[in-house]
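Novice: To start, I am sharing the structure in question, which I have written as structure tokens.
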Amino acid sequence: MKQPFLFETSAGGIVVRNATHGQEWLVIQHAGKKHWGFPKGHIADNIKDESMLDAALREVQEEGGIEAKVLFETPYQIKYFFKRGVVLHKKRVAFYLMEYISGDPADHDHEIEEAKFVSTAEVAEILTFASEKKAFQWALKMYKNVEKK
């Protein structure tokens, strides 16, 4: 018997803000699985013809409680597999580098246990998955390039 497959595409943001002691980055903890990562979610799940970029901004607002702007319009993409029941999910996630505009991470939605800004040093320690740690390394490099301009 052939295993059922489901292909999913999500978008999210790696959000930075400048603080007195350096940059801080938005991280979230999912309520169910308790893993730490960056805000992300399905594209066009409630909005017909939603773009990947619009979905990323929306997810940052919903899961992170904040408003952000995109700093670099080419996303970093990760791919992975996971199994839910008998269905194997093949997932692609596009992360955009973003900068904080306003809002409070405490205003996150019900899917999130906690959302907060942490220092650059803390990000690598708190993230659960290696793929998101690689995405963060990309974001650091891209942010340095944006700062120089």
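The values are calculated or read from the model by the stated rules, or taken from the named source; none is laboratory data. Keep in mind it's a predicted model, so treat the numbers as computed, not measured. In this analysis, Cβ positions are derived from the backbone assuming ideal geometry, glycine residues included, and neighbour counts consider all displayed protein chains. Areas reflect the complete protein model, heavy atoms only, side chains present, ligands, DNA and RNA absent. Shrake-Rupley method; radii C 1.70, N 1.55, O 1.52, S 1.80 Å.
Novice: Which pairs have Cβ atoms under 6 Å, sit 6 or more apart or on different chains, and link a residue in segment 12-27 that is polar (S, T, N, Q) to one that is part of a strand (DSSP E or B)?
Specialist: Short answer, once both residue conditions are applied: Q23/V16.
Novice: For the structure I just gave you, tell me whether F82 is open to solvent by 40 Å² or more (accessible area, probe 1.4 Å), within 23 Å of F129 (Cα to Cα) and touching a Leu at 6+ places or on another chain (Cβ under 6 Å).
Specialist: no
Novice: Please tell me if E63 is touching a Lys or Arg at 6+ places or on another chain (Cβ under 8 Å), on the phi < 0 side of the Ramachandran plot, modelled with pLDDT of 95 or more and open to solvent by 30 Å² or more (accessible area, probe 1.4 Å).
Specialist: no
Novice: Being in a helix (DSSP H, G or I), in contact (Cβ under 8 Å) with a residue 12 or more places away in the chain and either at positive phi or open to solvent by 50 Å² or more (accessible area, probe 1.4 Å) (or both), is that true of even one residue in segment 101-117?
Specialist: Scanning segment 101-117 turns up at least one residue that is in a helix (DSSP H, G or I), in contact (Cβ under 8 Å) with a residue 12 or more places away in the chain and either at positive phi or open to solvent by 50 Å² or more (accessible area, probe 1.4 Å) (or both).
Novice: Can you tell me which of (1) among the basic types (K, R); (2) open to solvent by less than 40 Å² (accessible area, probe 1.4 Å); (3) modelled with pLDDT of 95 or more is the one R17 doesn't meet?
Specialist: Going through the list (1) among the basic types (K, R); (2) open to solvent by less than 40 Å² (accessible area, probe 1.4 Å); (3) modelled with pLDDT of 95 or more, R17 breaks only (2).
Novice: Anything in segment 52-100 that is assigned to a strand (DSSP E or B), hydrophobic (A, V, I, L, M, F, W, C) and more than 13 Å from the chain's Cα centre (by Cα)? List them, or say none.
Specialist: Answer for segment 52-100, where residues must be assigned to a strand (DSSP E or B), hydrophobic (A, V, I, L, M, F, W, C) and more than 13 Å from the chain's Cα centre (by Cα): L71, F72, F81, F82, V87, L88.
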